[in-house]
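Please read the structure below before turning to the comments.
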Amino acid sequence: MKKALATILVLAALASSLAAAALVFSAPRPGFPGNEAILDHPQLNASVSSGKGTVVYFSAPDCPTCMLQDRDMDAVYSEYAQHVNFVYLKHSQELARVFEEWSVIKVPTSVFIDKDGIVVSRYDGTYLDIEEIRKEIERIK
């Protein structure tokens, strides 16, 4: 009887812990789709406040996938620079806080923000080809 009661108490504690974790991680967070952009860098603040859509691209110097993504972002930039703002953030000690506040743990990370400052889509650690980038830009321009 005592063993069954102890098992029930452990399972109840585990269930409440899982429920609390689900609540925390499912809560709306700035910088994620459906929420406001985080304006924690002067370039982000200026771009998002301009009234145009904004592409925020997080990269790192030692990331092979980022090198491919850099090339494709550059190609799309020349097509869309007049329609949307581009903010390119390459990881460094100076930008570590920005990466942390945006919860960027994998690169490349691309965030697409509409003209009202709401995050429309976010791709963490995902390579987007040129057509996918164009499709997302069309949603925010």
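Could you tell me the ratio Rg/Rh of the stretch 63-141? Both radii from Cα atoms, Rh via Kirkwood.
On the way: Rg = 12.4 Å, Rh = 13.1 Å.
Value, to two decimals: 0.94.
Tell me, what ³J(HN,Hα) does each residue in the stretch 134-139 have, in order and in whole Hz, if you take phi through Karplus 6.51 cos²θ - 1.76 cosθ + 1.60 with θ = phi - 60° and put x for Gly and Pro?
4, 4, 5, 5, 4, 6
Through the Karplus equation 6.51 cos²θ - 1.76 cosθ + 1.60, θ set to phi - 60°, convert the phi angles of the stretch 72-80 into ³J(HN,Hα) values in whole Hz; use x for Gly and Pro.
Each residue's phi maps through the Karplus curve to give 6, 5, 4, 5, 6, 3, 4, 7, 10 Hz.
Please get the size of the charge dipole for the stretch 46-96, origin at its Cα centre, with Cβ charges of +1 on Lys and Arg and -1 on Asp and Glu, quoted in debye to the nearest 20.
Approximately 160 debye in magnitude.
Please report the antiparallel percentage of the DSSP beta bridges confined to the stretch 29-140, to the nearest 5.
Values: 11 of 18 bridges.
Antiparallel bridges: around 60 percent, rounded to the nearest 5.
Only the coordinates and a few stated rules stand behind these numbers; no lab work does. Quick caveat, the model's predicted, so the values are computed rather than measured. Note that each Cβ is placed from the backbone with ideal geometry, even for glycine, and that neighbours are counted across all protein chains shown.
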